[in-house]
Amino acid sequence: MSPTSVPSDVTALRDRVRRLRPFAGFLARRVLIAVLLAWGITLVTFVLTNMVPGDPVAANLGQRALGDETIVAQWRAEHGLDKSPPEQYLMHLQALLHGDLGMSQQSHRPVGDDLAEFVPATLELAGVAIVVSLVLGVAFGMIAALRRDRPADHALRMLSLIGISVPTFWLALLAFYVFFYRLQLTPGSGRVDPGLGAPESVTGLHTVDAALAGQWDVFASALGHLILPALVLSLYTIALLTRFTRSAVLEVLGQDHVRAGRAKGLPRRVILRSYVLRSALVPIITVAGLAFGSLLSGTVLVEAIFAWPGIGQYAYKSATTLDLPAIMGVGLVVGIVYLVINLIVDVLYGVIDPRVRLR
Amino acid sequence: MRRLPQAWRRLPEAWRRPLAVTGGIMALAWVVIALAAPLLAPHDPLAQDLPRLAGPGPGHWFGTDQLGRDILSRVVYGARVSLPLTLLLVALSVLIGGLLGAIAGYFGRWADEAIMRLADLVFAFPTIILAMVVAAALGPSLGNAVLAVLVVAWASYARVSRGLVLAVRGQEYVLSGRLLGFSTWRSLRVDVLPNVTGPILVLATLDMGTALLLLSGLSFLGLGAKPPSAEWGAMVASGVEVFDSWWVATFPGLAILTVVLAFNFLGDTLRDALDPRTARAIKERAL
């Protein structure tokens, strides 16, 4: 090996690293933050569970067993209650890593099993709702921005203000009453008609599973059951995205590259799609991540009304019966889901806009 | 009579638009309703002496609930629960969040790290979920629901106030104050605080509606106001059991909607009337 080849190899390598570094570094940073936050979420749920006034021993053992000191001591040792809080937290973390979220006092099943059963239903509902919100919200926002200060803009502004002001739980109840009870336009509660039965579970999403199995009657029923709760759920996020898209598009419309495109005589369609929407996409995607968070919040309020067997209804039932392990399980799982969504949004952000990676 | 139009014309343009006027009138109306509740309510909100689940009609314009209570009276009295609590909630969030943010921005280093990482943690949860978890752990009561929303709400004020403090901390007039021998406290109060209050107050107006929605949402879930009290979210929840008697849930829900709408109309106007510096500070909070 000649003395000169070593530095040149190193230089070449360094060059490659340098070219890769911004994105790899950006990605690594984001993932690290997400992992730290996930750890923080477990800490929050642990601290909250242990803050509860009330004796877990009394809650779990019968009156007679409470009188017997050896049984109480045994129970405490079994559940690690004789250890210090930090030790208890480590045990909790260890259990979490094994997927053990404790037992639900309400269903007498492991919280993990309960959640595994209910999460797909919520993801199906929230997935449809976010797609509806994105399509309608971005479209309405574009219309409002392009018709600035004209009747369409004023009407959309008014509607979006109403949209972010409506209490979701009230709207769900009202929609259920009007469209199901009165007009009978939509099917009632649940995910499919009781007579049909759920399709064989592959993904847990009834519409997808039914389509995979070729059961088109089940597919139609599942889709019908989805429409009303998904629309109710998405009203708030449609309004949110309309407002943000409007201001993002307005900001872009005034920029030089749009004016240049117009001066070149490009068709309006091309300017809107490639110049305006492309630049406005970055803030819109950020808001979409936040919107997903409010959708997850909304499911708690909407699923309770539509008897949609998802984590929202599970959370509602656990909250009303004060089933703490279940509530903490929901907090943990929803927190992690939200974290992953935000991680995806952050990374997408970096993919779309290279400036973000270099910050 | 010439005086009124003159005062009207002196209002900033943004406040003369229909949206601002509607919002102002609605908010004012609710304040009056809350203050004059005993005069306006035709019945005792807790008395169970009317026919049960009677539809809206003369004598009980909003109908009665399953216990024979007058819903109009309960909606009117509900303003006495929700409005003060919302104001208190936002005031406390402003104080706690604003102060913590200012400390983080002013002192930097570990104080900054600790406070802002805590804020990040709050933002890591969807709002109702975290509020619900906290409220459940504290035990269901209206006071605990306020506390739970507070746990969620302070973080955005902390972010904004930290940013604002950070922006002025290094400026010459603040430094010269320090060189003149201002104590930390005096420097914060005299030189830094005036830069922070404006944007934070705007943010607070924008936040009122959200705070009320969260609070009534918790009550709806049974984690806030307890049954006999006339709280709008809990009233909607009681309407779920008898949803074919539509009036039980509809009117309290409309009350929430109109109050939140009033706050949002005012907040939107305020946002329009903002000077660009405040607008930028608020925007950093994204939502």
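Annotations
- Just one of the numbered conditions (1) closer than 30 Å to B:Val31 by Cβ; (2) within 14 Å of another protein chain (Cβ to nearest Cβ) is not true of B:Ala114: (1).
- The condition of being more than 17 Å from A:Leu332 (Cα to Cα), at pLDDT below 70 and surrounded by 12 or more Cβ atoms within 10 Å (Cβ to Cβ) holds for only one of A:Gly80, A:Gly54, A:Gly67, that being A:Gly80.
- Qualifying residues in the range B:243-272 (those that are outside any helix (DSSP H, G or I) and modelled with pLDDT of 85 or more) - the one nearest to the other protein chains (Cβ to nearest Cβ): B:Trp246
- Qualifying residue in the range B:140-153 (condition: at pLDDT below 90 and more than 19 Å from the chain's Cα centre (by Cα)): yes
- Beta carbons closer than 7 Å, at least 6 apart along the sequence or on distinct chains, pair a first residue in the range A:142-155 that is within 13 Å of A:Ser247 (Cβ to Cβ) with a second that is part of a helix (DSSP H, G or I) and among the hydrophobic types (A, V, I, L, M, F, W, C) for A:Met142/A:Val249; A:Ala144/A:Ala152; A:Ala144/A:Leu156; A:Ala145/A:Val249; A:Ala145/A:Leu250; A:Ala145/A:Leu253; A:Arg148/A:Leu250; A:Asp153/A:Ala144.
- Which numbered condition B:Ile128 fails, given (1) buried (at least 24 other Cβ atoms within 10 Å of the Cβ); (2) away from every other protein chain (no Cβ under 11 Å): (2)
- Residue, nearest to the other protein chains (Cβ to nearest Cβ), within the range B:228-242, restricted to residues that are assigned to a loop (DSSP other than H, G, I, E, B) and closer than 20 Å to B:Val149 by Cβ: B:Glu231
- Exclusive hit being under 29 Å from A:Val276 (Cα atoms) and out of contact with any Gly (no Cβ under 7 Å at 6 or more places or on another chain), set A:Asp209, A:Asp149, A:Asp217: A:Asp149
- Test for A:Gly102: is it surrounded by fewer than 21 Cβ atoms within 10 Å (Cβ to Cβ), over 30 Å from B:Trp232 (Cα atoms) and not assigned by TED's automatic domain parsing to the domain that holds A:Leu322: yes
- Selection count, the range A:124-163, where residues are within 14 Å of chain B (Cβ to nearest Cβ), within 13 Å of the chain's Cα centre (by Cα) and surrounded by fewer than 18 Cβ atoms within 10 Å (Cβ to Cβ): 0
- A:Leu277, sole failed condition from (1) crowded, with 20+ Cβ neighbours inside 10 Å; (2) more than 25 Å from A:Ala24 (Cα to Cα); (3) in contact (Cβ under 8 Å) with a residue 40 or more places away in the chain; (4) more than 12 Å from chain B (Cβ to nearest Cβ): (1)
- Against the list (1) more than 14 Å from chain B (Cβ to nearest Cβ); (2) part of a helix (DSSP H, G or I), the condition A:Gly265 fails is (2).
- Options A:Pro187, A:Pro120: the member that is more than 24 Å from A:Leu322 (Cα to Cα), out of contact with any strand residue (DSSP E or B) (no Cβ under 6 Å at 6 or more places or on another chain) and either assigned by TED's automatic domain parsing to the domain that holds A:Val340 or part of a helix (DSSP H, G or I) (or both): A:Pro187
- Candidate set: the range A:22-42, residues that are closer than 21 Å to B:Ile115 by Cβ and in contact (Cβ under 8 Å) with a residue 24 or more places away in the chain; chosen: the one farthest from the other protein chains (Cβ to nearest Cβ): A:Thr42
- Residues that are over 19 Å from B:Ala145 (Cα atoms) and away from chain B (no Cβ under 12 Å) number at least 3 in the following helices (runs of 4 or more DSSP H) confined to the range A:302-359: A:324-352, A:354-358.
The values are calculated or read from the model by the stated rules, or taken from the named source; none is laboratory data. Please read all numbers here as calculations on a predicted model, not as lab measurements. In this analysis, Cβ positions are derived from the backbone assuming ideal geometry, glycine residues included, and neighbour counts consider all displayed protein chains.
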